[in-house]
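Participant: Let me begin by handing over the structure; questions about it come next.
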Amino acid sequence: MSHTDSSIIKNMVFIIAALVVFMIIIIIAANWLSNGSTNVADDSMVQEAIENRIAPIGQVNTGAVAPVAAAAAGPVDGKAIYQQACFACHGTGAAGAPKLGDSGAWSARIGQGMDTLNDHAIKGFKGMPARGGQNLDDDSVKAAVKYMVDNSK
C-alpha cells in the first residue's frame, strides 16, 4: 500500500469519527433542550388539537330538545308528533321501519293490537329506540302511534 492510500484511509476514518461524535453531541443537545420529556400526551395544547381534529363534523338535529307533552287545553296532535319524532324513520323506511301508509307492512303489526304497538313505541323494539329517540310523554307516543295506524290500514 502506498503512502497516498494510507493517507486517504486515515482521513476517511477521521471524518467518520468526527461525524459520529457530532451526531452524539446533537442527540445529547436535543434531549437536554426537551428536558427529557418526549411524552406529548401530557401537553394540553396537543390534546386540545387532537380533540378538535377528531370532533364530529356535525350533529343530528331531531327537531326537539324540550319534551313534547300533551297540551292541557286539548288532545295531543298525533300528526305533529309523527312529523317531529317519527317521520325520519317511518316516512323513509330507514332501518326497516314500516312506512306510513304501507298497509302491507303495517297489517301484521296492527294485528298485534294497540297495546302491543304502544308498548313497543314507548319501550323500544328491535331497531326502534324508546319513544322514537325523543323525550316524549306516553300520551304523545300513543297519539303518534294512533296517527300512523289510522293512516296505514
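Participant: Take the residues in region 107-131 that are loosely packed, with under 14 Cβ neighbours inside 10 Å and of a type in the set (Lys, Arg), then tell me which one is nearest to Gln84 (Cα to Cα).
Facilitator: Lys123
Participant: If Ala41 satisfies all but one of (1) part of a helix (DSSP H, G or I); (2) modelled with pLDDT of 80 or more, what's the number of the condition it fails?
Facilitator: Result: Ala41 passes all but (2).
Participant: Could you list all residues from region 120-131 that are in a helix (DSSP H, G or I), out of contact with any Gly (no Cβ under 7 Å at 6 or more places or on another chain) and over 20 Å from Pro75 (Cα atoms)?
Facilitator: Correct list: His120, Lys123.
The values are calculated or read from the model by the stated rules, or taken from the named source; none is laboratory data. Nothing here was measured: the structure is a model prediction, and the numbers come from that model. Cβ atoms come from the backbone with ideal geometry, glycine included; neighbour counts cover every protein chain shown.
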